[in-house]
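Remarks on the structure that follows.
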Amino acid sequence: MAAPGARSCSLSGLLPAQTSLEYALLDAVTQEEKDSLVYQYLQKVDGWEQDLSVPEFPEGLEWLNTEGPISVYKDLCGKVVVLDFFTYCCINCIHLLPDLHALEHTYSDKDGLLIVGVHSAKFPNEKVLDNIRSAVLRYDITHPVVNDADASLWQELEVSCWPTLVILGPRGNMLFSLIGEGHKDKLFLYTSIALKYYKDRGQIRDNKIGIKLYKDTLPPSQLLFPGKVTVDHVSKRLVIADTGHHRILVVWKNGQIQYSIGGPNPGRRDGIFSESTFNSPQGVAIMNNIIYVADTENHLIRKIDLEAEMVSTVAGIGIQGTDKEGGAKGEEQPISSPWDVVLGSSDLEAQRDDILWIAMAGTHQIWALLLDCSRLLKKNELKKGTCLRFAGSGNEENRNNAYPHKAGFAQPSGLALASEGPWGCLFVADSESSAVRTVSLTDGAVKHLVGGERDPTNLFAFGDIDGVGISAKLQHPLGVTWDKKRNLLYVADSYNHKIKVVDPKTKNCVTLAGTGDASNVSSSFTESTFNEPGGLCIGENGQLLYVADTNNHQIKVMDLETKTISVLPVFRDGNAVVDGPSPAENQKTVPKLPRSAPSIRLAPVAASPGQTLQFKLRLDLPPGTKLTEGAPSCWFLTAEDNEWLLQGQVPSGEIESISNQPTISLQVPGDCSSPEAVVSVRVFLYYCSADSGACMTKAILFSQPLQITCAQQGCLAPVELKYVF
């Protein structure tokens, strides 16, 4: 429903005036000229006899991140509103989110700006509120989101593609539209001038909108939206991309964490493990204690050296690239949203592991990073470190072609290598075409395997049908892995919540496990369920299949011989190298310190955002005493009036042994609310005399002043918390 006295119409009504504005902006030189042109445009649009009014949100729609439904003509009256029409699978929509985050950090609802996500699903699975809720958390969306499952607003406004932004004035009147990604400058220009224009006229209200973030209701978990998993066949370890925690885990096969690198907050920093950060990492590959990581939202390929305990960047420049050819040295080559990686060889006979294959989801291509001097498709020798396109035109299509550069992919998100004959190919989970494709390693030819359809421009040929070749249907598959022992390909059919198996010889594709329900049951293959599994790998000589069950925040273990599924219990002990805090412990109430407890103020420490500060407990009990068995000796982190410091941190822990006291980590958040803060460590010890004749308690408070500066600091020395009771 439109506002009284207004006309409700489509975006086409804005087209003539906005097109004239954009042509004028091309000739503008200074920022003042651009601001003036937009201001004049708003005067013209605001002076129309009737507003171009957006329809009211229909009643009965489901909302996220709000205290209740929002009305355009009640709650949003007096606001400049950005409507983001998106679908959560779309890489272009994902690329737009940092622009929206930046806009929200610049202007709040008190300033008169509000962003509302209008989720208009492509796939049936994306119409389900729980799945949208998971995506809202996964991508850290903090503005209101409405589930327009039937695309009613999309249709009324005649929106044509994802993403589309519609900017509204304080009367629900449409002002601008921006189609696709890459319009950050225009987005900021249009919204800033709209706020100024309507403030000048006294039409902006500073009332707050009732926001209730879904992420604040979640219990802590050891994993958060794990995207990919791979096996180190030499050391019998797993490498997990703990995507939602922005970290990489190296775990033993029993689930015990050996290394935790990065997290819990997003960042982009190389260096020693304790200071390195990632941003929503996805694909991982390991060889000889070297892990390669598709650091997706940093648009980087990272290298983790487990022996040196160092992280470095080997491809990408840290911002989204648009180059669809490549050819520069890795760390000078812009790339876009790498989603998976797999190691391979330029010589199928020698098997040297001298190439890192990359599923470049952002440009809809397959790329290669040369780990040594080598040739691709018998061309001239390329230098070590070169990063370039191998297959895919860059057009988002389901186009197969004997010439690799003429083929088209649609958001390739998973890779598997079958280098041995007769295969000699890469298998590609081509998510947006809902197909699995192959790329020949000898001539680069791109062919269809299962799913999708013959029309290369039809990206809506999805479903859940077991069958052969094109008659089989998938829904947004994100992962593939090759079983060399059985010559079979396993597929994470993500939006169907299933694991499927493909015989590449016959092109037969059948369901292996999962009922299709988005839930969490671990039982037999036929009774178990998944929730948007994103990656998988084969281990134990073909006996086990490890699955990153993304929305269940688990690694599932499928026994291919007994046909049963179990959950890998990911845990850590005191010997783990854990440099990113894991919010696995339930938060406890901080006990009150007794009046007799000593209070020690430490010397100030200078730190920069993203750095990790480590506190090493060095406490001595009185002679002839020991910690009381079964009593909860423990520590707590607090930051009075600076609680932002503790977001995503582990706030407490137990002290099990006085001879092996824990190290407490605190990572300075990327967004700091204050240049100065004080973090406190409170320790409570319960101990007995050696003969257990008497039991006592002691407590102590350490206060650490922090001076937070944007200037890069050197490696922070651990802070020793010493005291003799």
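The values are calculated or read from the model by the stated rules, or taken from the named source; none is laboratory data. Treat the numbers as computed from the prediction; the structure is a model and nothing was measured. Positions of Cβ are backbone-derived with ideal geometry, glycine not excepted, and every protein chain shown enters the neighbour counts. Each accessible area value is taken on the protein alone, full model and side chains, heavy atoms only, with ligands, DNA and RNA left out. Shrake-Rupley method; radii C 1.70, N 1.55, O 1.52, S 1.80 Å.
Roughly how far apart, in whole Å, are the Cα centres of segment 484-559 and segment 220-278?
21
Give me the accessible area of SER192, 1.4 Å probe, in Å² rounded to the nearest 10.
About 30 Å², rounded to the nearest 10.
Take peptides 68-76, 540-548 and line them up by average Cβ neighbours within 10 Å, highest first, as a rough protection proxy.
Peptide ranking by packing, descending: 540-548, 68-76.
Rounded to the nearest 500, what is the 222 nm mean residue ellipticity of the chain from helices alone, with -39500 (n - 2.57) per DSSP H run of 4+ residues and division by all residues?
Calculated mean residue ellipticity at 222 nm is -3500 deg cm²/dmol.
How high is the FRET efficiency from TRP48 to THR19, r the C-beta distance, R0 22 Å, rounded to 0.05?
In this case the efficiency is close to 0.85.
At most 14 other Cβ atoms within 10 Å and a DSSP loop assignment: could you name the GluC sites (Glu not before Pro) in segment 399-464 that fit?
Passing sites in segment 399-464 are GLU420.
Could you pull out every one of the lysines with an alpha carbon less than 23 Å from that of LYS186, ignoring same-chain neighbours closer than 8 positions?
Within reach: LYS34, LYS44, LYS79, LYS110, LYS196, LYS199.
Could you check what % of the DSSP bridge pairs in segment 52-183 are antiparallel, to the nearest 5?
If we restrict to bridges inside segment 52-183, about 60 percent are antiparallel.
If the cut-off is a Cα-Cα distance under 22 Å, which lysines reach LYS383, setting aside same-chain residues fewer than 8 apart in sequence?
Within the straight-line cut-off, LYS383 pairs with LYS303, LYS324, LYS329.
With a 1.4 Å probe and every protein chain left in place, work out the accessible area per residue of the chain in Å², rounded to a whole number.
Roughly 40 Å² per residue, with all protein chains present.
When only the heavy atoms of the protein chains count and the probe is 1.4 Å, how do ARG572, ARG237 rank by accessible area, highest first?
Descending order: ARG572, ARG237.
Antiparallel as a % of all DSSP beta bridges within the chain, to the nearest 5?
The answer is about 85 percent antiparallel.
Can you bin the chain into rounded, prolate or oblate? Criterion: square roots of the alpha carbon gyration tensor eigenvalues sorted a ≥ b ≥ c, rounded for a/c under 1.5, prolate for a/b above b/c, oblate for the rest.
Here the chain falls in the oblate category.
Put THR19, THR638 in order of accessible area, largest first, 1.4 Å probe: what do you get?
So, going from the largest accessible area down, we get THR19, THR638.
Whenever you get a sec, compute what percent of the accessible area on the chain sits on carbon and sulfur atoms (1.4 Å probe).
Answer for the chain: carbon and sulfur cover 49 percent of the accessible area.
Take the alpha carbon atoms of segment 608-666, find their center, do the same for segment 312-341, and report the distance between the two centers in whole angstrom.
If you average the Cα positions of each part, the centres end up 40 Å apart.
Enumerate by residue number the GluC sites (Glu not before Pro) in segment 134-189 meeting two conditions: DSSP loop (anything except H, G, I, E, B), and at most 14 other Cβ atoms within 10 Å of the site's Cβ.
GLU158
Which order do you get for SER599, SER177, SER413 if you rank them by accessible area with a 1.4 Å probe, largest at the top?
Largest accessible area first, the list is SER599, SER177, SER413.
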